[in-house]
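Novice: Dropping the structure in here first, questions after.
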Amino acid sequence: MSKNLNLTLRVWRQRGPADSGAFGTYKADGINDDMSFLEMLDVVNERLIGDGKDPIAFDHDCREGICGSCGFVIDGRPHGPQPGTTVCQLHMRHFNDGDDITVEPWRAAAFPIIKDLVVSRAPFDKIIQAGGYISAPTGAARDANSTLIPKPTADLAFDAAACIGCGACVAACPNGAAQLFTSAKIAHLNLLPQGQPERWSRVTSMVEVMESYFGSCTNYRECEAVCPKGISIDFIAKMNRDFLQAKFRDKKKLAGGPLGDAG
Amino acid sequence: MLSGSAPRTSAAAQAPAVRQRRKHHLWVLYFYGSAIGKKAVMAVTGIVLLGFVLMHMVGNLKLYYPDAERHLNAYGEWLRTFGEPALPHTGFLWILRGGLILSFILHIHAAVSLTLMNRQARPIKYQGGRSYAAADYAARTMRWSGFIIGFYVLFHLADLTWGNANPDFIRGEPYNNLYYSFERVPVALVYIVANLLLGLHIYHGAWSLFQSLGLANPRFNQWRRTFAAVFAAAIVIGNVSFPIAVLAGAVDEPEHITGEARLIEHAHTLGTAAETLPGVTFHA
Ligand code: HEM
Ligand code: FES
């Protein structure tokens, strides 16, 4: 049996990057608790549009927790109170009738606010461009199982690959650091045989770009706690280890490529 | 896809600040220039400091020996004379001190520069407040605990090494200095509070250093927390017990038994002057 909720929302409204922004208060009455948080905002927006007001801007796409588009801070916590869920998967049944809910965008120097709850996550793309790829032979596709990968390694790489790049880790980190995202993207490829040719250059380049936008890691573990995909901080340790190893390696082998060191 | 109409803004207005880093030719500087490099330096210097703090606490347990004064003063003398004659007097001690001073400076320099970097990474705080899901009190107060420990170390040196903060200071008699220092309640309180903060700093630091150095392994990960908690508890219990023991009167008042006083006593029983004993030199 679904219930209806009457809520009061305090939502960050900001016209553009240069605007200073402020909280706006909205009544959200008669919200069906089977709705997701985004569906609740859709209802509020329809009412705002009906009143001739500017609807609340927020990012979204798949609405099933796999694209990484959605995300904002609900009551001081990225993606809201429910662990392991994105806001598109967060159901209103986790809230109570009469709740006051505060909604605010990710806050980081690297994520400027575009409008209301929408931020630019372009620095994530910059990090990926720096090394989040592999060199693959061209020509006919090889047989899928021609490179053998131990099951635990494949599983671990897959755990890392589950990162959807939503930015909640940066939003949660008191230092505004992007360690969880970057380390997951590095580990995903550095664990696999296909990722070995660029292993050391990947970690140094991606870390370098990461550090040019974001803060540094103090091992608070806030990122892991809010990550909708449950990415482990073990990947951060692995990134640190690969980075330190790369720094202590023969310079000539760091360039990677087929002549580089695949160890 | 965006809900609501996002205004078209120039790319420049949306571009986040990029921190440009100087490319040092010297490997160490380039390494230290990266935040992960700095964090590794923090972890390694942290290990040096942890080793020191542990040895320092264990050394002071001599306070609980019978005949504690002689043992503690002899230990101090041993630190100054160790390695002689290969090393000059206090040579070994200065090698230790050199390593410690260097570690301390690097640890603090890295802490300050990383803190500044982190401040820049979030210039605008959460306006609606934020909640913490995992970061404990120890982790969130590293900067405060570290900062206060830094000042405490200076006070501690002034109190028991240089002696200018201790009216009862006698050079070369650590037992006397420690006893009369801890007998003053405000001073004892400074030691107690500072060591509680040190314990807090270690509780996070001794766990965190494994992550910083990339030492994660499902085989031992669960022990990292235990290690840090036990280390912190050992340091706090040991160090806090010393002022409490003095205040509680569980430690004997100093009788000014130094290594030299013992020699003089020994010479006296032999009926000679101490200076005439073979191999004896007195340090002014
Ligand atoms: C003025 C003195 C000190 C300051 C300002 C200071 C500051 C800090 C800070 C801010 C961190 C966190 C680093 C980060 O998040 O980036 C840290 C970590 C640490 N500190 Fe200190 N600290 C001081 C003294 C000490 C002392 C005396 C010890 C030794 C017991 C110590 C041991 C550690 C350890 C082991 C870490 C963990 C390093 C890591 O995570 O890699 N610190 N310190
Ligand atoms: S909209 Fe795709 S993850 Fe939420």
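The values are calculated or read from the model by the stated rules, or taken from the named source; none is laboratory data. Model, not experiment: these values are computed from the prediction. Neighbour counts are summed over all protein chains in view; Cβ atoms, including those assigned to glycine, are modelled from backbone coordinates with ideal geometry. Just the protein is used for accessible areas: all its heavy atoms, side chains included, with ligands, DNA and RNA removed. Shrake-Rupley method; radii C 1.70, N 1.55, O 1.52, S 1.80 Å.
Novice: Cβ contacts < 6 Å: first residue of a type in the set (Phe, Trp, Tyr), restricted to the range A:50-61; second residue assigned to a loop (DSSP other than H, G, I, E, B), any location; separation 6+ or different chain. Result?
Specialist: A:58/A:117
Novice: Here is a further query. Checking residue B:122 against (1) of a type in the set (Lys, Arg); (2) open to solvent by less than 40 Å² (accessible area, probe 1.4 Å); (3) in contact (Cβ under 8 Å) with a residue 12 or more places away in the chain: exactly one of these is not met. Which one?
Specialist: With (1) of a type in the set (Lys, Arg); (2) open to solvent by less than 40 Å² (accessible area, probe 1.4 Å); (3) in contact (Cβ under 8 Å) with a residue 12 or more places away in the chain applied to residue B:122, the lone miss is (3).
Novice: Let me ask something else about it. Being in a helix (DSSP H, G or I) and of a type in the set (S, T, N, Q) is the filter; apply it to the range B:88-138 and report the residue that is farthest from ligand 1 (Cβ to nearest atom). Show your work before the answer.
Specialist: Residues of the range B:88-138 that are in a helix (DSSP H, G or I), as a first pass: B:91-121, B:137-138.
When the remaining residues are screened for being of a type in the set (S, T, N, Q), the result is B:103, B:113, B:115, B:118, B:120.
Details: B:103: 9, B:113: 9, B:115: 6, B:118: 8, B:120: 14 Å.
Among those that are in a helix (DSSP H, G or I) and of a type in the set (S, T, N, Q), it is B:120.
Novice: Name the residues in the range A:27-59 that are within 24 Å of residue A:1 (Cβ to Cβ) and part of a helix (DSSP H, G or I), would you?
Specialist: A:37, A:38, A:39, A:40, A:41, A:42, A:43, A:44, listed by residue number.
Novice: A further question follows. Quick check on my filter: what residues within the range B:70-87 are among the hydrophobic types (A, V, I, L, M, F, W, C) and part of a loop (DSSP other than H, G, I, E, B)? Lay out the reasoning, then the answer.
Specialist: Quick first cut of the range B:70-87, residues among the hydrophobic types (A, V, I, L, M, F, W, C) only: B:72, B:74, B:78-79, B:82, B:86-87.
Passing the criteria: B:82, B:86, B:87.
A quick yes/no check of all residues on (1) surrounded by fewer than 23 Cβ atoms within 10 Å (Cβ to Cβ); (2) small (Gly, Ala, Ser):
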{"residue": "A:127", "(1), (2)": "no, no"}
{"residue": "A:134", "(1), (2)": "yes, no"}
{"residue": "A:141", "(1), (2)": "yes, yes"}
{"residue": "A:174", "(1), (2)": "yes, no"}
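Novice: Taking the condition modelled with pLDDT of 90 or more and open to solvent by less than 60 Å² (accessible area, probe 1.4 Å), does residue B:96 pass? Please lay out each step first, then the result.
Specialist: Details: modelled with pLDDT of 90 or more: yes; open to solvent by less than 60 Å² (accessible area, probe 1.4 Å): no.
Taking the combined requirement at face value, the residue does not satisfy it.
Novice: Go through (1) among the hydroxyl-bearing types (Ser, Thr, Tyr); (2) part of a loop (DSSP other than H, G, I, E, B); (3) closer than 29 Å to residue A:173 by Cα; (4) more than 10 Å from chain B (Cβ to nearest Cβ) for residue A:2 and report which single condition fails.
Specialist: The failed condition is (3).
Novice: Does the range A:219-248 hold any residues that are of a type in the set (Val, Ile, Thr) and assigned to a helix (DSSP H, G or I), and which are they?
Specialist: Result: A:226, A:236.
Novice: Is it the case, given these coordinates, that residue A:51 is open to solvent by 60 Å² or more (accessible area, probe 1.4 Å), facing chain B (nearest Cβ under 10 Å) and either aromatic (Phe, Trp, Tyr) or more than 16 Å from ligand 1 (Cβ to nearest atom) (or both)?
Specialist: On the way: open to solvent by 60 Å² or more (accessible area, probe 1.4 Å): yes; facing chain B (nearest Cβ under 10 Å): no; either aromatic (Phe, Trp, Tyr) or more than 16 Å from ligand 1 (Cβ to nearest atom) (or both): yes.
When the stated conditions are applied, residue A:51 does not pass them.
Novice: Still on this structure, I have one more. If you go through the range A:66-88, how many residues are crowded, with 20+ Cβ neighbours inside 10 Å and within 8 Å of ligand 2 (Cβ to nearest atom)?
Specialist: The number of residues fulfilling the criteria is 7.
Novice: Give the range B:160-195 a look and list any residue that's part of a loop (DSSP other than H, G, I, E, B) and surrounded by 18 or more Cβ atoms within 10 Å (Cβ to Cβ), or say none.
Specialist: Start the filter on the range B:160-195 by keeping residues that are part of a loop (DSSP other than H, G, I, E, B), which leaves B:161-173, B:183-184.
Those that are part of a loop (DSSP other than H, G, I, E, B) and surrounded by 18 or more Cβ atoms within 10 Å (Cβ to Cβ): B:166, B:169, B:173.
Novice: Something else about it: So which residues in the range A:82-96 are more than 9 Å from chain B (Cβ to nearest Cβ) and assigned to a loop (DSSP other than H, G, I, E, B)? I'd like the intermediate steps shown before the answer.
Specialist: Initial filter on the range A:82-96 (more than 9 Å from chain B (Cβ to nearest Cβ)): A:82, A:84-96.
Those that are more than 9 Å from chain B (Cβ to nearest Cβ) and assigned to a loop (DSSP other than H, G, I, E, B): A:82, A:84, A:85, A:86, A:87, A:88, A:89, A:90, A:95, A:96.
Novice: I've got another one for you. Got a sec? Which of B:234, B:245, B:228 is at pLDDT 95 or above, within 16 Å of ligand 1 (Cβ to nearest atom) and away from chain A (no Cβ under 14 Å)? Show your work before the answer.
Specialist: Numbers: B:245 fails: within 16 Å of ligand 1 (Cβ to nearest atom); B:228 fails: away from chain A (no Cβ under 14 Å).
The conditions single out B:234.
Novice: Counting just the residues of the range A:1-48 that are of a type in the set (S, T, N, Q) and more than 21 Å from residue A:95 (Cα to Cα), which one comes out surrounded by the most Cβ atoms within 10 Å (Cβ to Cβ)? Write out each step before concluding.
Specialist: Initially, the range A:1-48 is screened for residues of a type in the set (S, T, N, Q), giving A:2, A:4, A:6, A:8, A:14, A:20, A:25, A:32, A:36, A:45.
Applying the additional criterion that residues be more than 21 Å from residue A:95 (Cα to Cα) yields A:14, A:20.
Details: A:14: 19, A:20: 7.
Looking at the filtered set, the residue picked out is A:14.
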